[in-house]
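Asks: Below is a structure I'd like to ask you about.
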Amino acid sequence: MSGGASRAEVCVVACAEAWRGDGEILASPMGPVPAIGARLARLTFSPGLLLTDGEALLTAEDPAAGDGARVVEGWLPYRRHLALVTGGRRHVMMGASQLDRHGNQNISCIGDWRRPDRQLLGVRGAPVNTLNHPVSYWIPRHSPRVLVERVDMVCGVGHDRAAAAGPAASRFHRLRRVVTDLAVLDFETPDRTLRVRSLHPGVTARDVQAATGFPLDVPEDVPVTRLPTDAELRLIREVLDPAGLRDREVRP
């Protein structure tokens, strides 16, 4: 393991780990750090991942962040993309303007939706994503404004709402990971609420709780998020992100 990794590089590896063992499935990372993480996963422990150029082409190579792929291996028009989504053959890592303990996500508005204080992206495809295939989240700024007791509007469906809606909603509902700039979280508790899976190097449980807007389950023996290997660091720094875009999302 390399001890010289930055916090951003630890986050890249933590995002990559979300796709470990997924096999031949479409990976849909949203944001620079998840995108670098997905490409790192494909170059190392998850070679079967399918990645796109962000539009309609499947890429056969893993270009540096911000660069387009030169080699294309397939065409993925919108209708075929939807078939993968509804068939469960996709694992997306989305962002979240708000996320609660049950995994309900908001990317639509802040405040009362009938007269919001701020209008954001809109619901987009979040409900379909969360009800049909694995979903993880990337939060570059772990804070009580993002990790909230109750989201202002539900876009991505959490465990409580999926269970209340019945088998039609919960059958394929799988929330995998939440990666933040402080820790990796998951929902592996009896009531399927957020808990700390690992703390990034130099971060304490008290740091994470202070940055969370609700009581967070922190196991006594919570491990430290793994550091990138020397080989992974070389790929991140020399191949996947030589321009250092990762440090714009997660500052040292």
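The values are calculated or read from the model by the stated rules, or taken from the named source; none is laboratory data. Only a predicted model underlies this, so the values are computations on that prediction, with no experimental measurement involved. All Cβ positions, glycine included, derive from the backbone under ideal geometry; neighbour counts span all protein chains shown. Surface accessibility is based on the protein's heavy atoms, side chains included, excluding ligands, DNA and RNA. Shrake-Rupley method; radii C 1.70, N 1.55, O 1.52, S 1.80 Å.
Asks: For the stretch 25-39, give me each residue that is open to solvent by 40 Å² or more (accessible area, probe 1.4 Å) and assigned to a helix (DSSP H, G or I).
Replies: Matches in the stretch 25-39: Pro32, Arg39.
Asks: Now, a different point. Among the candidates Arg70, Arg20, single out the residue that is assigned to a loop (DSSP other than H, G, I, E, B), under 17 Å from Trp138 (Cβ atoms) and without any contact (Cβ under 8 Å) to a residue 60 or more places away in the chain.
Replies: Arg20
Asks: Now for a different question. So, in the stretch 124-152, exactly how many residues are open to solvent by less than 50 Å² (accessible area, probe 1.4 Å), at pLDDT 95 or above and part of a loop (DSSP other than H, G, I, E, B)?
Replies: 8
Asks: Hey, can you tell me all the residues within the stretch 92-118 that are in a loop (DSSP other than H, G, I, E, B) and either over 16 Å from the mean Cα position of the chain (by Cα) or free of Cβ contacts under 8 Å to residues at least 60 places away in the same chain (or both)? First the steps, then the outcome.
Replies: Pass one, the stretch 92-118, residues in a loop (DSSP other than H, G, I, E, B): 95-97, 100-104, 107-108, 111-117.
Hits for the stretch 92-118 are Ser97, Asn104, Ile107, Ser108, Gly111, Asp112, Trp113, Arg114, Arg115, Pro116, Asp117.
Asks: Let me spell it out: the conditions are (1) surrounded by 13 or more Cβ atoms within 10 Å (Cβ to Cβ); (2) over 24 Å from Asp181 (Cα atoms); (3) at pLDDT 95 or above, and Pro47 meets all of them except one. Which number is the exception?
Replies: It fails just one condition, (1).
Asks: Name the single residue that is nearest to Leu182 (Cα to Cα) among those in the stretch 12-24 being open to solvent by less than 20 Å² (accessible area, probe 1.4 Å) and in contact with a strand residue (DSSP E or B) (Cβ under 6 Å, 6 or more places away or on another chain).
Replies: Start the filter on the stretch 12-24 by keeping residues that are open to solvent by less than 20 Å² (accessible area, probe 1.4 Å), which leaves 12-16, 18-19.
With the extra rule that they be in contact with a strand residue (DSSP E or B) (Cβ under 6 Å, 6 or more places away or on another chain), the set shrinks to 14-15, 18-19.
Details: Ala14: 11, Cys15: 13, Ala18: 16, Trp19: 19 Å.
The residue in question is Ala14.
Asks: Another one. Every residue in the stretch 40-67 that is hydrophobic (A, V, I, L, M, F, W, C) and either over 15 Å from Leu235 (Cα atoms) or part of a loop (DSSP other than H, G, I, E, B) (or both), please.
Replies: Matches in the stretch 40-67: Phe45, Leu49, Leu50, Leu51, Ala56, Leu57, Leu58, Ala60, Ala64, Ala65.
Asks: Having 1 or more residues that are open to solvent by 70 Å² or more (accessible area, probe 1.4 Å) and either basic (Lys, Arg) or closer than 15 Å to His142 by Cβ (or both) is the bar; report the strands (runs of 3 or more DSSP E) wholly within the stretch 174-252 that clear it. Give the steps one after another, and end with the answer.
Replies: Working: elements: 175-180, 183-186, 195-199.
Passing ranges, in order: 175-180, 195-199.
Asks: Now a separate question. Being among the hydrophobic types (A, V, I, L, M, F, W, C), in contact with a helix residue (DSSP H, G or I) (Cβ under 9 Å, 6 or more places away or on another chain), under 11 Å from Asp100 (Cβ atoms) and in contact (Cβ under 8 Å) with a residue 24 or more places away in the chain, is that true of even one residue in the stretch 177-190? Explain how you work it out, then say what you get.
Replies: Pass one, the stretch 177-190, residues among the hydrophobic types (A, V, I, L, M, F, W, C): 178-179, 182-185, 187.
Adding the requirement that they be in contact with a helix residue (DSSP H, G or I) (Cβ under 9 Å, 6 or more places away or on another chain) leaves 179, 182-185, 187.
Retained after the next criterion (residues that are under 11 Å from Asp100 (Cβ atoms)): none.
No, the stretch 177-190 has no match at all.
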